[in-house]
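None of the figures in this text is laboratory data; all of them are computed from the coordinates on show. From a predicted model like this one, the values you see are computed outputs, not experimental measurements. No Cβ is skipped: glycine too gets one built from the backbone with ideal geometry, and neighbour counts run over all protein chains shown.
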Amino acid sequence: MAGARNEPDGVATVNKLMWRRIMPVLLLIGALTTVVRAQTTDQAPPTPTLSPVMAPSPESSATVNPAIQLRIWWVDTLAPIEGESSSLRAGQLRAITESLTGVEVEVRIKLADGPGSLRESLLAADAVAPSALPEMALIPRRDLPFLISVGLAQPLDNAISNAELERFYPAGVVSGDVNGRLYGLPYALDLQHLAYQPPTTNFTTFESSLSAGRSLLLPLAGTALNPTVLAQYLSSGGILTDGLLTELDEVPLRTLLSYYAQAVADGLIDPRSSQYTTLTESLPALLDGSATAGLVNTAGYLTLRSEQLGWVTSSTPMASPAPIALVESWLWVILTTDPLRQDAAWSVMTGLMSDERLAAYTAMVGVLPATPAALLRWPDRRYATFAGELLTQALPAPTETGELAATRLMNAVRQVVNGGSVEEAIAAALADG
């Protein structure tokens, strides 16, 4: 990290939960991020060789074993079934298996949510046909605690050292850590930020955003907790309890709602913000030029850049100058308990995690790689530098939220955006029951 920062209590509380795991890696990650900013060639540092999940047994190294049919389940969020990314994925896996002896792979794409989702399919297979379970899977982080609780995700503590974990962004490492044990290897990350058309504008704080006089399109219609709204609440002094938003505090809530109330009064919140729930819904307004500044994620920004090169990035407005980014993540997990299959799964997993392969695939599907060295290889160097700075200081988005508190926070913001008073919104958010 670049240096000492004055952080709000909420962020400090969250950080205490992650420091013990990642303190040994922060200095080197900070240095590597400096390299990302300074590097101007296409060369990248070599990828470290990672350890196997379990040391090969004498039998496995001394005898010829039958070919291992390795099954991989891949969440559809990061696996379009058709198109260039599908061909790239198949090519990477083919190159990896050709370098291995006696390993063949079968990939199945699973939905991230809803009926037939990856999580539901794993549970169903475990209940009625355990032999059909995959050896490894790429999952959204929110599924990890549950897969651990039912005994499916296997610990990776003995597979990779703290020194080797220095290769990854800290938020990714923490995303794969549950109760002090590593169960998931970070593959890809995603974060929200602003994109806007010039002239250059300072959006980084509540005060500077209001002074800028630029209207923002922020999808705020849903009751699901928006990572940007949560980050703004934390920057205002809000706290998480054991990583969850379990209750709201009046002072940070008032700070946050006062910002939105003033922005609405000054005409700086696009009226469509109260109609859109997701970034997918709001993106067309940025593409067609009817909005010139708004909230996007990495995929949205890359889409904008592909249509028109003039787009600029900015962190989202916070109560204090220090940016806060809450990242979503996707993790590789190993599900098999068989040592030979674990070895094969680890070999394929780390092959996919080489800097060159990771950079190529994440850039194509519109998410950020979990390592600074892979991000260094992205073709859009300006965006890579911007995203890398946010990722270095980022926190994992909570896998769960206190449903009542999260709903009340979003309801309060939406009430103010729709013209309601701050006092009435606070009263409703803090009411008993």
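Let's see how each residue does on (1) within 17 Å of VAL333 (Cβ to Cβ); (2) surrounded by fewer than 20 Cβ atoms within 10 Å (Cβ to Cβ):
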{"site": "SER86", "(1), (2)": "no, yes"}
{"site": "ARG89", "(1), (2)": "no, no"}
{"site": "GLY102", "(1), (2)": "no, yes"}
{"site": "ALA112", "(1), (2)": "yes, yes"}
Pick from region 145-168, criterion part of a loop (DSSP other than H, G, I, E, B) and among the small types (Gly, Ala, Ser), ranking: farthest from ILE72 (Cα to Cα) | SER161
Could you say which residue among ARG142, ARG108, ARG94 is basic (Lys, Arg), assigned to a helix (DSSP H, G or I) and either surrounded by fewer than 14 Cβ atoms within 10 Å (Cβ to Cβ) or in contact with a strand residue (DSSP E or B) (Cβ under 8 Å, 6 or more places away or on another chain) (or both)?
-> ARG94
Being over 15 Å from LEU395 (Cβ atoms) and surrounded by 20 or more Cβ atoms within 10 Å (Cβ to Cβ) is the filter here, so list the residues in region 167-179 that pass it.
-> ARG167
Residues being in contact with a strand residue (DSSP E or B) (Cβ under 8 Å, 6 or more places away or on another chain) and over 18 Å from THR337 (Cβ atoms): count how many of those fall in region 166-184.
-> 8
Within region 280-300, the count of residues that are surrounded by fewer than 20 Cβ atoms within 10 Å (Cβ to Cβ), in contact (Cβ under 8 Å) with a residue 24 or more places away in the chain and not in a loop (DSSP other than H, G, I, E, B) comes to 3
Scanning for something closer than 30 Å to ARG71 by Cβ and more than 20 Å from the chain's Cα centre (by Cα), does region 327-336 turn up at least one residue?
-> yes
Could you list, in sequence order, all residues of region 390-407 that are surrounded by fewer than 22 Cβ atoms within 10 Å (Cβ to Cβ), in a helix (DSSP H, G or I) and touching a helix residue (DSSP H, G or I) at 6+ places or on another chain (Cβ under 7 Å)?
-> THR392
